[in-house]
Amino acid sequence: MIIIFISIDLAAKGTLADCQATVRCEDAPVIQHELTRVKFRRSAITLHRAIRQNRAMAERVIPLVDQRLAALSPALARGPAAAPTGRLTDTLGRPLRDLRISVTDRCNFRCAYCMPKEVFDKDYRYLPHSALLSFEEITRLARVFLAHGVRKIRLTGGEPLLRKHLENLVEQLAALRTVDGQVPDLTLTTNGSLLARKARALKDAGLNRVTVSLDSLDDAVFRRMNDVDFPVAEVLAGIEAAQAAGLQRIKVNMVVKRGTNDHEVVAMARHFRGTGITLRFIEYMDVGATNGWRMDEVLPSAQLIERLHEHLPLVPLDPLSRGETAERWGYAGSDGRHDPALGEVGVISSVTQAFCQDCNRARLSMEGRLYLCLFATQGWDLRTLLREGAGDEQLAAAIAGIWHGRTDRYSELRSSLPPDRGTPAARRVEMSYIGG
Ligand code: SAM
Ligand code: SF4
Ligand code: SF4
């Protein structure tokens, strides 16, 4: 099979005619190829718009064929043929416990830190339905992952609630069991826009928990951040519906961008304090290759906690389990100790305080590629194995081989890594493709 990667270098280019396309065949030397307007007309229009609308964005490389094709085919791992024991570990001794399954690459929001409008516009080529794993294929893979020790499954995207009949997938996953014979901890991350309509069916299908992303309570700020003018009231209604449906341990994720919504931190904390909902502040991350990330827009969690503590006294709490992404802080009562009735907040500090040492998360894309890190540039193609008729033992062996060889610890290495040169092979996969 020959795989062709195409990228266009926009650096310092002002006009479309000046753009160079790099065409690379997997087994052939890199060749430079003059961009022909006719052949790449659709993408050229997108690029032209990107240049006009956002010069800063245009100075990055905008993928013509995006990362998902570049990640098509690292040689499939050949793992040990032994049956899974539930105790799979990687090169750093990290077990496989958490599987995040992205069910769609589409979203109805355009959060600039994730799917900036200039890139994810009407010409963006989303995957066709036939490329997506079916619910049966996802369930089959999930069963094998559970046999390897996974305990928690999180559905994500894109916006997972855009995938039709998602409750049917939830039902199939809820029927699976961990190696200890337990029902897997089944959860979902959503922007909340469709939650009011879907919460009840999801709960009835077996969903345990839900995490809702919400970046501000201020309607104007929220509409600006989702960039599709979506009102905050509908997301709040979704959260209420999730509570009413009986979904447990609801969490709200707020991505904090300095200068955009950091002034909302205290208001968000006050709103959710004492409601049983845990608010978690996420440092704005350098995921993907399109969000124009800058370190000066990151509010370090330590500063955030300090700011919050001035208004709402906090005390540190111990982690509940190994590999937890969030550092926990409890609201203090009048005696200065944690008051469980007031609840807690969390901070996810993957930029300023790496937590790779305990990272036990694998990510499965909607088209069946396995990624070992949120910042990965390559995924492992399990869909081909599935569709070429591999048995469960072969799938298990492939997954074991891939996880055994895992060395990823991007956040720990971030500062010492060379800058992303923008080549297809070096470009990180988009967050909307593998989920949070
Ligand atoms: N659409 C769903 C949602 O927004 O909840 C699920 C997918 S979204 C990619 C998963 C999580 O990633 C969300 O909580 C979102 O806020 C977070 N996220 C996306 N881009 C991010 C970035 N650049 N830095 C930090 N978090 C990010
Ligand atoms: Fe969509 Fe979620 Fe990304 Fe926002 S963070 S654009 S809601 S996938
Ligand atoms: Fe895990 Fe990669 Fe994040 Fe480190 S950077 S915690 S390895 S996902």
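A compact table of results
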{"read-out": "Centroid-to-centroid separation of segment 255-294 and segment 110-182 [C-alpha atoms, Å]", "value": "24 Å"}
{"read-out": "Shape metrics for segment 282-436, restricted to C-alpha atoms - Rg then Dmax, Å", "value": "19.2, 63"}
{"read-out": "Sorted peptide list for 339-352, 92-105, criterion being average Cβ within 10 angstrom, highest first", "value": "92-105, 339-352"}
{"read-out": "Estimated FRET transfer efficiency when R0 is 25 angstrom, pair His404-Thr384 (beta carbons, to 0.05)", "value": "0.80"}
{"read-out": "Tensor-based shape of segment 289-369 (alpha-carbon gyration tensor, a/c under 1.5 rounded, otherwise prolate or oblate)", "value": "oblate"}
{"read-out": "Point-charge dipole on Cβ atoms (K/R +1, D/E -1) for segment 212-360, about Cα centre, debye to 20", "value": "200 debye"}
{"read-out": "Charge context of Cys107, other residues only, Cβ under 12 angstrom, K/R +1, D/E -1", "value": "0"}
{"read-out": "Model label zone, Ser134; criterion: amide N under 19 Å from point 7 Å along Cα-to-beta-carbon; scope segment 362-377", "value": "365-369"}
{"read-out": "Pairwise centroid distance, computed over Cα atoms, of segment 221-250 with segment 363-390, Å", "value": "31 Å"}
{"read-out": "Largest-first ellipsoid semi-axes for segment 185-251, taking √(5λ) over the Cα gyration tensor eigenvalues, angstrom", "value": "23, 10, 9"}
{"read-out": "Pairwise centroid distance, computed over Cα atoms, of segment 319-352 with segment 194-210, Å", "value": "26 Å"}
{"read-out": "Normalised per residue, the volume of the convex hull around the Cα set of segment 73-175 (Å³)", "value": "157 Å³"}
{"read-out": "Local electrostatic count at His338 - Lys and Arg +1, Asp and Glu -1, tallied over other residues with Cβ under 13 Å", "value": "-1"}
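Computed from the coordinates by the stated procedures, all read-outs in this text should not be read as laboratory data. Only a predicted model underlies this, so the values are computations on that prediction, with no experimental measurement involved. When we count neighbours, we look across all protein chains shown, and the Cβ atoms used for this are built from the backbone with ideal geometry, even at glycine.
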